[in-house]
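Below is one structure; the comments refer to it alone.
The values are calculated or read from the model by the stated rules, or taken from the named source; none is laboratory data. Everything numeric here is computed off the predicted structure, so don't read it as measured data. Cβ placement follows ideal geometry from the backbone for every residue including glycine, while neighbour counts extend to all protein chains displayed.
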Amino acid sequence: MNPIITVHDLHKNFGDLEVLKGIDCVVEQNEVVCMVGPSGSGKSTFLRCLNLLESITSGSVTINGHELNDPKTNLATVRQDVGMVFQQFNVFPHMNVRDNIMLAPTKVLKLSTEEARERASVLLEKVGLTDKADVYPSKLSGGQNQRVAIARALAMQPQVMLFDEPTSALDPETVGEVLEVMKALAEESMTMVVVTHEMGFAREVADRVIFIDHGVIVEEGTPTEVFDNTQHDRTKAFLSKVL
Amino acid sequence: MFDDFGWENLPPLLDGMLLTAFLVVSSGILGTILGFVLGLTRTGPNRPGRILSAVYIGFIRGQPVLIILFFVYFVLPLMFPAASVSRGVTAIAGLSIYAAAYIAEIVRGSLLAVPVGQSEAAEALGMNYRQKLRYVVLPQALRIAVPPGIGFLVALVKATSLTSVIGYVELTRAARITSNINQEPIATYLIVAALYFVVCFPISLLGRWYERRLA
């Protein structure tokens, strides 16, 4: 067992509102974990705590042996190993697709332009956008932009990929192309934590499904355990509405 | 009426116009540099820096330009005799101090107008604050800043007329001198109005060209 992410008793407050109420969670290398749960349950906040886009109120998050709240930890360095894909894509609108992908490898990893370009070509092929390399994001569909965002994150060759509702902002017809790319990643043994409402994807791809509600992990297990052999009433109530 | 204007009076007015343009360019550049630094500090990670620039911006924006000019020209030399400077330096310094506060607010607003997701994406890619600013946030913020920035430059042209009060012979001061000589204020001030327009119009054109290029 080789844990990449270890979360211990994680609490997160926004003012008086306690969003996460003590989460314990370990993500092993090559594992695909899907987090499901109702809106406002804290699953996105949990994901954002994993690379400290949200500060941690108490508890600890350890990535690759680096404790995020430790003042000695260089956050930017740890984040290089953690790819993140956002609901709203957040591609850089002022540069074309290839430059979006090359930016961090050249500026952060200090790769040569040739190396970064080569990396970008490989990734563009992987996400099926080779012909869009010189196009600006405003000319692309949501699904294409999200695939650019995935390629951009992969260009850093992260140890783990975090997906924050990657298909929630997409037109129904482009959801599939993004899920395909994610499925291919999972098959290549990428370690992934996916917050999603796509239960079909969770069932098919996840090694483990975690159901979060009101800031606590209510239930977790294999997709079969959680979806077909549900233990808790809250999970049952949620699944009955979304399945 | 223009017959009595006396066209030998035109060159001093043109000189005044050039000095007005010179004031706009010099205090525009200095004010932009200072305003840029203030705007970045105002939104930056350093708390004392944020407070200092907020105080500067708030205080200067609460002052009439005329008071800033009087302060630099009359008050500072009384407090520190070594700070006695010429009218030209006073005019440039006063207008730069004034411009910096407004440009800082334009820079700040533009930085805040870039969606926070852009910042988060840059951070998630392992960029540090400087890299994030330089490659992701600033290029987008500057596009947003240009139209209001152009608008402010036009306002700065008109603010230069206030330096006539400390005796700097820019266009407004030149106009008063000329109309005292030829006793033809109507013609003189009509010509001066045209000359101000000549200074402002290219700046407006620049702004329009920029906005069309974006669209």
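The table for this structure:
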{"quantity": "Considering residues of the stretch A:182-201 that are under 13 Å from the mean Cα position of the chain (by Cα) and of a type in the set (A, V, I, L, M, F, W, C) only, the residue farthest from residue A:158 (Cα to Cα)", "calculated": "A:195"}
{"quantity": "Leading residue by the ranking (farthest from the other protein chains (Cβ to nearest Cβ)) among those in the stretch A:147-184 that are under 15 Å from residue A:99 (Cα atoms) and part of a helix (DSSP H, G or I)", "calculated": "A:147"}
{"quantity": "Count of residues meeting criterion [part of a loop (DSSP other than H, G, I, E, B) and surrounded by 14 or more Cβ atoms within 10 Å (Cβ to Cβ)] in the stretch A:185-198", "calculated": "4"}
{"quantity": "Unique match (being under 19 Å from residue A:5 (Cα atoms), among the aromatic types (Phe, Trp, Tyr) and touching an Asp or Glu at 6+ places or on another chain (Cβ under 8 Å)) among A:238, A:211", "calculated": "A:211"}
{"quantity": "Residue tally, condition within 13 Å of residue B:95 (Cα to Cα) and of a type in the set (A, V, I, L, M), over the stretch B:1-20", "calculated": "0"}
{"quantity": "Filter result for residue B:80 (farther than 25 Å from residue B:156 by Cβ and among the aromatic types (Phe, Trp, Tyr))", "calculated": "yes"}
{"quantity": "Criterion violated by residue A:113 - all others in (1) in contact with a helix residue (DSSP H, G or I) (Cβ under 7 Å, 6 or more places away or on another chain); (2) among the β-branched types (Val, Ile, Thr); (3) touching a residue at least 40 places away in the same chain (Cβ under 8 Å) satisfied", "calculated": "(3)"}
{"quantity": "Boolean, residue A:29 is within 13 Å of another protein chain (Cβ to nearest Cβ), surrounded by fewer than 22 Cβ atoms within 10 Å (Cβ to Cβ) and under 30 Å from residue A:208 (Cβ atoms)", "calculated": "no"}
{"quantity": "Positions within the stretch B:56-68 being among the aromatic types (Phe, Trp, Tyr) and surrounded by 12 or more Cβ atoms within 10 Å (Cβ to Cβ), in sequence order", "calculated": "B:56"}
{"quantity": "Wholly enclosed helices (runs of 4 or more DSSP H) of the stretch B:69-137 bearing at least 2 residues within 14 Å of chain A (Cβ to nearest Cβ), without any contact (Cβ under 8 Å) to a residue 12 or more places away in the chain and surrounded by fewer than 22 Cβ atoms within 10 Å (Cβ to Cβ)", "calculated": "B:116-124"}
{"quantity": "Matching option when the condition is under 30 Å from residue B:2 (Cα atoms), in contact with a Gly (Cβ under 8 Å, 6 or more places away or on another chain) and among the aromatic types (Phe, Trp, Tyr), among B:168, B:189", "calculated": "B:168"}
{"quantity": "Matching residues, the stretch A:125-140, being surrounded by 15 or more Cβ atoms within 10 Å (Cβ to Cβ), without any contact (Cβ under 8 Å) to a residue 40 or more places away in the chain and closer than 18 Å to residue A:183 by Cβ", "calculated": "A:129"}
{"quantity": "Per-region count, the stretch B:146-178, residues of a type in the set (Phe, Trp, Tyr) and within 13 Å of the chain's Cα centre (by Cα)", "calculated": "1"}
{"quantity": "Matching residues in the stretch B:91-133 - criterion: being more than 17 Å from residue B:27 (Cα to Cα) and of a type in the set (S, T, N, Q)", "calculated": "B:110, B:118, B:119, B:128, B:131"}
{"quantity": "Residues (assigned to a helix (DSSP H, G or I) and of a type in the set (S, T, N, Q)) located in the stretch B:156-215", "calculated": "B:160, B:161, B:163, B:164, B:172, B:178, B:179, B:180, B:182, B:188, B:204"}
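Per-residue answers, yes or no, for (1) within 26 Å of residue A:56 (Cβ to Cβ); (2) at pLDDT below 95; (3) hydrophobic (A, V, I, L, M, F, W, C):
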{"residue": "A:153", "(1), (2), (3)": "yes, no, yes"}
{"residue": "A:162", "(1), (2), (3)": "yes, no, yes"}
{"residue": "A:171", "(1), (2), (3)": "no, yes, no"}
{"residue": "A:179", "(1), (2), (3)": "no, no, yes"}
{"residue": "A:183", "(1), (2), (3)": "no, no, no"}
{"residue": "A:192", "(1), (2), (3)": "yes, no, yes"}
{"residue": "A:198", "(1), (2), (3)": "no, yes, no"}
{"residue": "A:208", "(1), (2), (3)": "yes, no, no"}
